[in-house]
There are 2 protein chains.
Amino acid sequence: MAKSDIEIAREAKMQPITQVAEKIGIPADQLLQYGPNKAKLSFDFINSIQGNKDGKLILVTAINPTPAGEGKTTTTVGLGDGLNRIGKKAIMALREPSLGPCFGVKGGAAGGGYAQVVPMEDINLHFTGDFHAIGVAHNLLSALLDNHIYWGNELGIDSRRVQWKRVVDMNDRALRAITNSMGGVANGYPRQDGYDIVVASEIMAIFCLSKDLNDLSNRLGDIIVAYTREKKPIYARDLKGPGAMAVLLKDAISPNLVQTLENNAAFIHGGPFANIAHGCNSVIATKTALKLADYVVTEAGFGADLGAEKFFDIKCRKAGLKPDAVVIVATVRALKMHGGVAKADLGDENVDAVTKGSENLARHIANIKKFKVPAVVAINQFITDTDAEIAAISAACEALGAKAIIASHWANGGAGTEELAHHVVELADSGVADFTPLYPDEMPLWEKIETIATEIYGASEIIADASVRKQIAELQENYGHYPVCMAKTQYSFSTDPSLLGAPSGHAVPVREVRLSAGAGFIVVVTGAIMTMPGLPRQPAANNIYLNDDGQIEGLF
Amino acid sequence: MAKSDIEIAREAKMQPITQVAEKIGIPADQLLQYGPNKAKLSFDFINSIQGNKDGKLILVTAINPTPAGEGKTTTTVGLGDGLNRIGKKAIMALREPSLGPCFGVKGGAAGGGYAQVVPMEDINLHFTGDFHAIGVAHNLLSALLDNHIYWGNELGIDSRRVQWKRVVDMNDRALRAITNSMGGVANGYPRQDGYDIVVASEIMAIFCLSKDLNDLSNRLGDIIVAYTREKKPIYARDLKGPGAMAVLLKDAISPNLVQTLENNAAFIHGGPFANIAHGCNSVIATKTALKLADYVVTEAGFGADLGAEKFFDIKCRKAGLKPDAVVIVATVRALKMHGGVAKADLGDENVDAVTKGSENLARHIANIKKFKVPAVVAINQFITDTDAEIAAISAACEALGAKAIIASHWANGGAGTEELAHHVVELADSGVADFTPLYPDEMPLWEKIETIATEIYGASEIIADASVRKQIAELQENYGHYPVCMAKTQYSFSTDPSLLGAPSGHAVPVREVRLSAGAGFIVVVTGAIMTMPGLPRQPAANNIYLNDDGQIEGLF
């Protein structure tokens, strides 16, 4: 039987983090260590390398996710190891997993098989405390808000128009909607409130888009927490919160260094939701990696229609990043599902289904071209894949001028991605990339949404109620230059999660728009968006424990 | 003008924590470092020193607190430095400050003046993440509980009888009483709920009383989270929570090592509330310190009527600790307040008021004798103190056979406590101590409460409604052997906070009893108990920020 992820992780021969750091040019005394295998970088060091030349930036994205699994993080790690293996200096830049979901369905999120980052248990649990810091900073602002109302409400906050909820890093449906300040005079004025999971906090998005601590502090001030009865916005700075919030975040904002199973350096830092936020690791980590490596491999949330689009149009646009190549991850099994096969039948060869499902992949390849960045497809190998099925994928890709390369990192680590690594280097070094966002800043918000819907999702139009149109028109005045952040189901190009493959001609209903003034984007909601998950009937937590040797069981 | 605490802390010449560790016999490779100046100890190391002889244990406690301030933590640190200064191997064992209150009234809590532990900013903020871990472990259990109800409530939890609230490390009155699970079917069954601050979590008390990770895990299982309609208790283990909760706490449970301004070792670990819990740092930290030092100086919350009594009757009883000496901290100013002087008049000499106020001190000295441990009084010096006032205190102490020694650690660090240190060594080495808890395990609960009230508080009786008496009688059956944990105002020997000095003959009303089955004690509530503080009109948070040099301002 194959070893579980946690068994493989446990057998890892980790190097001291000082040694991993040294390999990429970071002196030991510039690390803030968190035990022997995790460290944060000093800002003195980060400032000292700003004159370095930037390496090449490679984005790993994927087809629309299915229950069959794609393995985006796994491929990011595998490719990073593969690049190092063929003699390139490569660093990975990944998102931090959220602690809450570990206790729900999915277990951990630090890669899988022989393509993992370690110490896997720490990364999945408290890690270096970044998410705790973000959670406290968020809840401090919440407390300051209700405290302001309690002591006389000089700012005139309309308690029906409070936008700023509270957060906890836990899947806890009971907190989605609450009434707070119950119990009498000493506890304040009862009002409706609710909790999001920490990764859905606007502070997480801000954290990941900030250039430095100063930029972070300014953006925190721009957060709109509520409105007055006259709909005048109340900012975080009106509550005098940002100073103390930045103090709480001063260590967290420094990137975390860990290693892969093959002892290559990986930065894991920040992890915003990929629906109401942009779903990428921090700008600071990506930029620092670029100063230290010749090739930086990073990832974005969900499929390319959401993840890559936001990576390009939000993160790269805002941070001035110029990606050089894109890897689109697909699996035979997932493409079969896009081709109409049920999960139970995925073990049977079905070339027709693969061909049909490859329409989903083809749409993503075509989309990436619109950003003028070259792409390659990585077929994340499973034992049941047949040659004929692989050939079907290759044919679909070649029609669009993209290579499809088998990657077996899950079973073989970096040795399984050598071919992919060579091709990625070729693409990135070719100079073909001429990154261009999909739309210019000055395009009106409505057109931005329309452009993404038609160009990326294959939709024919966007639709919205008069009230939503009015809201967009109002936002256009002061925030028309912001990019839009689409909150759409990740399972389909359309807004209907059951429409697999490559649907086209559909309408995209815009149900709601939200201003994230601190993060600097407009969230466009096209369906039901969950910002606080629940636990399943049998939560993973029930099977997580320390065994007699003090090792963690049940995290995977 | 005198330097502020944070200015003094910033000028500290900290040694690498490896060097501090080495001085007390901890090899560098047995540390889990959190940056250069904080570390946790490996359990391998802790296990390896169990054969060592124990050092002497010295408790620092105080008179009943007044708004004038006493300086218990400051004296603990100053005495530790003084002991090292006179050539003794001494380690301090202190409580971790709670992050939430930093943003309220008081600023930080890591000593003051030239008697501080550093890095002060880190200790006051996230430190090594222990409180975050405790908060998440607590909230995981909360989520599992509501999730259990949501999925069918097989255990038959009566949602009106849920005891287990949620926690956050923040002063946030709006969360004291909430209604959760609002918003419809997908969010569960609405019920009343509320938040406590993290330090009030039963997990914090458990954390501080546990011998090791295994003991911790068992105690977590014993937590009673709710009752059925038939009043049958539902335990944390019924929700299959303790395994994952222990996983979340596995790093936190290891003691944190930091240093004083004079580079002496201090363990700072755990910090339960001193009303509904026992208010002492962790047993693991205290015991580890005893294995490494000849003298361990530790502290307990509030005045000696609560803090010392609980230290003796709960912590020492449960952990098998044998304290060797007690230091009772008093100030001239605070004794004046106990003698009836208003805060505005504390600067004027008033020997009569000091003499009268010393009745409070005298009662505490007499109380400590009942535990058969020798005591000394430390007069924490202020610039306005006069010789005549000091003489008045000395006279009051001498009448009870205790010395009163001036300590000027706030201004002079360890050099200001040399005389105190010499006397403490003399007391601790004298062999006079023959520690005995105030009451035996087998004394019935009602009598335990009565004994504390009459022997320690000077009360004439305890009173309680029939319903409370019935509850005590019920608890007597299964939990009669537990110690009691008194939740009483810290400002007075009585339950009336305005009765200063040494009141006697009063009645102590028992308003409520609560079972902390995991911690292993019965909480006896004698007044309004606040387990979630609020922020003041002008929160300290409003003035906390990072200055242009990246230093924290406003934390003090």
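The values are calculated or read from the model by the stated rules, or taken from the named source; none is laboratory data. Since we're looking at a predicted model, the values are computed, not measured. Here Cβ is always computed from backbone atoms with ideal geometry, including for glycine, and neighbour counts include all displayed protein chains. We work out accessible area using only protein heavy atoms, side chains counted, and drop any ligands, DNA or RNA first. Shrake-Rupley method; radii C 1.70, N 1.55, O 1.52, S 1.80 Å.
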Q) In segment A:486-517, which residue that is open to solvent by less than 20 Å² (accessible area, probe 1.4 Å) and part of a strand (DSSP E or B) is farthest from A:GLY340 (Cα to Cα)? A) A:SER516
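Could you tell me whether A:HIS338 is in contact with a helix residue (DSSP H, G or I) (Cβ under 9 Å, 6 or more places away or on another chain), at pLDDT 95 or above and more than 16 Å from A:GLU70 (Cβ to Cβ)? First the steps, then the outcome.
Numbers: in contact with a helix residue (DSSP H, G or I) (Cβ under 9 Å, 6 or more places away or on another chain): yes; at pLDDT 95 or above: yes; more than 16 Å from A:GLU70 (Cβ to Cβ): no.
When the stated conditions are applied, A:HIS338 does not pass them.
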Q: Would you tally the residues in segment B:257-284 being more than 16 Å from the chain's Cα centre (by Cα) and either on the phi > 0 side of the Ramachandran plot or of a type outside the set (Gly, Ala, Ser) (or both)?
A: 8
Q | Residues (more than 10 Å from chain A (Cβ to nearest Cβ), crowded, with 21+ Cβ neighbours inside 10 Å and not hydrophobic (A, V, I, L, M, F, W, C)) located in segment B:228-255 | A | B:SER254, B:PRO255
Q.
Any residue that is within 28 Å of B:VAL162 (Cα to Cα) and facing chain B (nearest Cβ under 9 Å) - is there at least one of those in segment A:156-167?
A. yes
Q.
Under 6 Å between Cβ atoms, which residue pairs at least 6 apart in sequence (or on different chains) link something in segment B:169-183 that is small (Gly, Ala, Ser) with a partner that is assigned to a strand (DSSP E or B) and at pLDDT 95 or above?
A. B:ALA174/A:ASN180
(Q) Going through B:LYS403, B:LYS343 one at a time, which residue ends up being at pLDDT 95 or above and open to solvent by 40 Å² or more (accessible area, probe 1.4 Å)? (A) B:LYS403
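Could you list, in sequence order, the residues of segment A:518-549 that are of a type in the set (Ser, Thr, Tyr) and open to solvent by 40 Å² or more (accessible area, probe 1.4 Å)?
Within segment A:518-549, just A:TYR545 meets the criteria.
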Q: Restricting attention to segment B:172-186, report how many residues are at the interface with chain A (Cβ under 10 Å from one of its Cβ atoms) and open to solvent by 10 Å² or more (accessible area, probe 1.4 Å).
A: 8
**Q.** Selected residue (criterion: nearest to the chain's Cα centre (by Cα)) from residues of segment A:131-141 that are at the interface with chain B (Cβ under 7 Å from one of its Cβ atoms) and open to solvent by less than 10 Å² (accessible area, probe 1.4 Å)
**A.** A:ALA133
**Q.** The listed residue being β-branched (Val, Ile, Thr) and modelled with pLDDT under 95, out of B:ILE253, B:ILE276, B:ILE284
**A.** B:ILE276
Q) Does segment A:417-429 contain any residue that is closer than 17 Å to A:LYS310 by Cα and open to solvent by less than 20 Å² (accessible area, probe 1.4 Å)? A) no
Q. Looking at segment A:477-485, is at least one residue open to solvent by 60 Å² or more (accessible area, probe 1.4 Å) and either in the same structural domain as A:ILE178 (by the TED database) or under 30 Å from B:GLY152 (Cα atoms) (or both)?
A. no
**Q.** Within segment B:225-242, tally of residues that are within 27 Å of the chain's Cα centre (by Cα) and farther than 16 Å from B:ILE149 by Cβ
**A.** 1
(Q) Restricting to segment A:415-469, count the residues that are within 30 Å of A:TYR295 (Cβ to Cβ) and in a loop (DSSP other than H, G, I, E, B). (A) 12
Q. Tally time: how many residues in segment A:71-95 are surrounded by fewer than 24 Cβ atoms within 10 Å (Cβ to Cβ) and of a type in the set (D, E, K, R)?
A. 3
Q. Quick check: is even one residue across segment B:529-547 within 14 Å of chain A (Cβ to nearest Cβ), within 19 Å of B:PRO65 (Cβ to Cβ) and among the aromatic types (Phe, Trp, Tyr)?
A. no
**Q.** When residues of segment A:84-123 are limited to those that are part of a helix (DSSP H, G or I) and within 10 Å of chain B (Cβ to nearest Cβ), the one nearest to B:GLY129 (Cα to Cα)
**A.** A:ASP122
Q: Identify the residue in segment B:22-65 that is small (Gly, Ala, Ser), open to solvent by less than 10 Å² (accessible area, probe 1.4 Å) and within 24 Å of A:LEU41 (Cβ to Cβ) and, among all such residues, is nearest to the chain's Cα centre (by Cα).
A: B:ALA39
Q: Quick one: in segment A:143-155, of everything that is at the interface with chain B (Cβ under 8 Å from one of its Cβ atoms) and either aliphatic (A, V, I, L, M) or in contact (Cβ under 8 Å) with a residue 40 or more places away in the chain (or both), which residue is surrounded by the fewest Cβ atoms within 10 Å (Cβ to Cβ)?
A: A:LEU144
(Q) Considering only segment B:187-196, I want to know if a residue exists there that is away from chain A (no Cβ under 14 Å) and touching a residue at least 40 places away in the same chain (Cβ under 8 Å). (A) no
Q: Restrict the check to segment A:1-20 and report whether at least one residue is at pLDDT below 95, in a helix (DSSP H, G or I) and touching a strand residue (DSSP E or B) at 6+ places or on another chain (Cβ under 6 Å).
A: yes
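Could you tell me which of the residues A:SER460, A:SER492, A:SER467 is of a type in the set (S, T, N, Q) and over 17 Å from A:VAL525 (Cβ atoms)?
The conditions single out A:SER460.
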(Q) Residue under question is B:GLU455, and the condition is that it be closer than 29 Å to B:SER358 by Cβ and in contact with a Lys or Arg (Cβ under 7 Å, 6 or more places away or on another chain); does it hold? (A) yes
Q: Quick one: in segment A:198-219, of everything that is modelled with pLDDT of 95 or more and within 11 Å of chain B (Cβ to nearest Cβ), which residue is most open to solvent (accessible area, probe 1.4 Å)?
A: A:SER217
